[in-house]
Amino acid sequence: MYQITDNQRALILLAVETGGRIENFPDNLRGGARTAVTRSLLLNDLIATDGAGHALTDAGYEVVGLEPPMTDIVRAEEGDGVIESGEENADNESDASHDVDGDADADAGDTNAAIGVIAEAVTPAPAKERKPNRIAQVVALLMRPQGVTIKEVMAATDWQQHSVRGFFAGTLKKKGYTVINEKAGKEDRVYRIQTEEAKEAERAAAPTTSDEEE
């Protein structure tokens, strides 16, 4: 089983309190650290995109020792609807046993119909395929080692150029991401999300200045 960090555990437990959705973050997780933890949970399938945000997967619950929430089908199997259908069958069979003049064929037809209703109630519905969220889609492109150009984002999202630039400067910044860019020669400008590792490397490479002058 994947070994989670203390920050990842804290974020998952906060999500459990909000119905599995990632809505709150630990106080010590800010900016790039928040981005790094969220990205790690995504890469390990402990959370998944859900609308404009993220939500826990079954694996996310299990990694902290919790049972995933029951699905609608499990609730149907354990809920009152199936139990009541069973009780109704029992009542019908009891009445039939006391009705000496009853029609045996009609009783059999009623029983088969009731069984069909129960079977339909517990038949699993086909799982709906979750469509990828555009925000998560663009973030994934920006996380690539080679980065992404504005034209590539436009092709992937059907956005206009000004919408892509506004998304980089507004939405991503509000979500705690730092977008950097670079241009090599005549090639299109390439954009990336700056990771914590990249920030540490920049700090290490920055020249140090002396506080005292000789």
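The values are calculated or read from the model by the stated rules, or taken from the named source; none is laboratory data. These figures come from a predicted structure and were not determined experimentally. No Cβ is skipped: glycine too gets one built from the backbone with ideal geometry, and neighbour counts run over all protein chains shown.
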Given (1) surrounded by 11 or more Cβ atoms within 10 Å (Cβ to Cβ); (2) at pLDDT 55 or above, D105 misses just (1)
For the range 172-187, how many residues meet the condition of being within 22 Å of G53 (Cα to Cα) and exposed (fewer than 14 other Cβ atoms within 10 Å of the Cβ)?
2
Does the range 176-189 contain any residue that is part of a loop (DSSP other than H, G, I, E, B), on the phi > 0 side of the Ramachandran plot and either modelled with pLDDT under 90 or in contact with a strand residue (DSSP E or B) (Cβ under 7 Å, 6 or more places away or on another chain) (or both)?
yes
By residue number, the members of the range 148-175 that are hydroxyl-bearing (S, T, Y) and either part of a helix (DSSP H, G or I) or within 24 Å of the chain's Cα centre (by Cα) (or both) are T157, S163, T171
If a residue has to be within 24 Å of E200 (Cα to Cα) and part of a helix (DSSP H, G or I) to count, how many in the range 11-53 make the cut?
14
How many residues are exposed (fewer than 14 other Cβ atoms within 10 Å of the Cβ) and at negative phi if we restrict to the range 141-162?
8
